[in-house]
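Throughout, read-outs are computed from the coordinates displayed, never taken from laboratory work. Bear in mind that the values here come from a model prediction, so they are computed numbers and not experimental data. Please note: Cβ atoms are built from the backbone with ideal geometry, for glycine as well, and neighbour counts cover all protein chains shown.
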Amino acid sequence: FLIRAACSRSGDRLCSAAARGDGEEVRKLLDAGADPNGTNSFGRTPLQVRSGLFSEPSPSCKY
């Protein structure tokens, strides 16, 4: 449980930095060993968070 909680916090920090576009913080976390494919507490990777993959569609988007 403790290992999983530590990984989740690390994933949350990396995802938060990615969402903010804070490249310096992302680099620091990766250099410190953060898993670039790790997930945050919502199960999303930093790439998914940064790309907005889970954001709501634009109102102008037609289905």
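Which order, highest average first, do 31-40, 12-21 follow once you tally other Cβ atoms within 10 Å for each residue and take the mean per peptide? Walk me through the numbers on the way to the answer.
On the way: 31-40: 13.5, 12-21: 18.3.
With the highest mean Cβ count within 10 Å placed first, the list reads 12-21, 31-40.
Available extension along the chain between Ala32 and Arg20 is 2.4 nm, counting 0.36 nm per residue and deducting the alpha carbon span.
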